[in-house]
Amino acid sequence: MLEELKRRVYEANMLLPKYDLVTFTWGNVSEIDRETGIFAIKPSGVDYDKLRPEDMVLVDLDGRKVEGSYNPSSDTATHVELYKAFKEVGGIVHTHSSYATSWAQAGRSIPCYGTTHADYIYGEVPCVRCLNKEEIESAYEENTGHLIVNEFKRLGKDPVAVPAVLCKNHGPFAWGKDANEAVHNAVVLEEVAKMAFRAELIEARVQPAPQELQDKHYYRKHGENAYYGQAAIK
């Protein structure tokens with residue numbers, strides 16, 4: 001069932017160690033088939049060098065396992081809530097990549113200090129609050145998803161324009177139109193987290209890039225009149 005989806009998700013998961021986004025089994029990637037409402041996700045706690053495409057677990061939007069020999073990722077309930085709320089999202093990544101997680105542990109959003117950040121993410125990467133005791137003890141992973149969704153609504157953030165978030169004391173989530181794009185955005189997130197950290201080391205009083213520069217770089221790549229890259233060959 002959905003063998004091609006499982007293959008894509010397997011390949012996306014294998015990109016995490018390739019790009020040094022995970023240590024041991026600290027990460028997962030999923031992708032949803034919107035027609036069926038089923039997504040494939042990495043099994044929980046299985047080493048990357050032992051993974052096979054057929055090991056990917058299929059889950060529905062009620063969080064029920066549909067197919068698979070293994071238990072799905074322990075973060076599955078977070079993926080469920082993001083897929084239900086962010087209809088444009090087709091793939092989700094969670095890692096504990098070092099620099100992005102360091103910002104999360106500090107409880108700080110990542111400011112947009114330059115055009116590398118602005119090319120991919122419109123404005124700062126928000127850091128949401130830590131869950132409270134009741135939220136942690138009742139339904140930790142599900143409540144993580146609710147918190148991200150509610151905070152994006154409160155801030156007026158578009159999940160397409162801001163394809164990443166930090167969870168305080170936890171780590172980053174990133175997403176995209178499919179699993180491959182979600183991993184791409186996770187790699188970008190780690191790099192801009194690294195650059196922002198170094199910028200503050202070099203100049204403690206560094207300020208975000210001018211809004212007009214942020215707008216130029218984001219919209220030349222993603223706007224209605226975007227002109228970055230090559231036109232599709234017909």
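The values are calculated or read from the model by the stated rules, or taken from the named source; none is laboratory data. Given the structure is predicted, the values throughout are model-derived calculations rather than measurements. Positions of Cβ are backbone-derived with ideal geometry, glycine not excepted, and every protein chain shown enters the neighbour counts. Side chains are part of the model used for accessible areas, which takes the heavy atoms of the whole protein and leaves out ligands, DNA and RNA. Shrake-Rupley method; radii C 1.70, N 1.55, O 1.52, S 1.80 Å.
When segment 143-155 is filtered for residues that are without any contact (Cβ under 8 Å) to a residue 12 or more places away in the chain and among the polar types (S, T, N, Q), only Asn150 remains.
Residue pairs whose Cβ atoms lie under 8 Å apart, sitting 6 or more positions apart in sequence or on different chains, and linking a residue in segment 86-113 that is touching a residue at least 60 places away in the same chain (Cβ under 8 Å) and under 12 Å from Val165 (Cβ atoms) to a partner that is open to solvent by 30 Å² or more (accessible area, probe 1.4 Å) and assigned to a helix (DSSP H, G or I), are Trp103/Phe197. Taking the listed residues Glu35, Glu31, the one that is touching a residue at least 12 places away in the same chain (Cβ under 8 Å) and not hydroxyl-bearing (Ser, Thr, Tyr) is Glu31, with no other qualifying. State the number of residues belonging to segment 156-204 that are among the hydrophobic types (A, V, I, L, M, F, W, C), open to solvent by 50 Å² or more (accessible area, probe 1.4 Å) and either closer than 14 Å to Val128 by Cα or touching a residue at least 12 places away in the same chain (Cβ under 8 Å) (or both). The number of residues fulfilling the criteria is 3. Counting the residues of segment 1-31 that are in contact with a Ser or Thr (Cβ under 7 Å, 6 or more places away or on another chain) and either in a helix (DSSP H, G or I) or open to solvent by less than 10 Å² (accessible area, probe 1.4 Å) (or both) gives 5.
Scanning segment 105-155 for residues that are of a type in the set (Phe, Trp, Tyr) and surrounded by fewer than 17 Cβ atoms within 10 Å (Cβ to Cβ) yields a count of 1.
Picking from residues in segment 209-234 that are at pLDDT 95 or above and among the aliphatic types (A, V, I, L, M), the one that is nearest to Val125 (Cα to Cα) is Ala209.
Among all positions in segment 186-203, there is no residue which is of a type outside the set (S, T, N, Q), modelled with pLDDT of 95 or more, within 23 Å of Thr95 (Cα to Cα) and not in a helix (DSSP H, G or I). The set of residues from segment 38-50 being outside any helix (DSSP H, G or I) and exposed (fewer than 14 other Cβ atoms within 10 Å of the Cβ) comprises Gly45, Asp47. Filtered by the rule that a residue be farther than 27 Å from Leu21 by Cβ and surrounded by 14 or more Cβ atoms within 10 Å (Cβ to Cβ), segment 205-214 gives a lone residue, Leu213. For segment 55-72, the criterion of being touching a Ser or Thr at 6+ places or on another chain (Cβ under 6 Å), open to solvent by less than 50 Å² (accessible area, probe 1.4 Å), in contact (Cβ under 8 Å) with a residue 12 or more places away in the chain and not in a strand (DSSP E or B) is satisfied by no residue at all.
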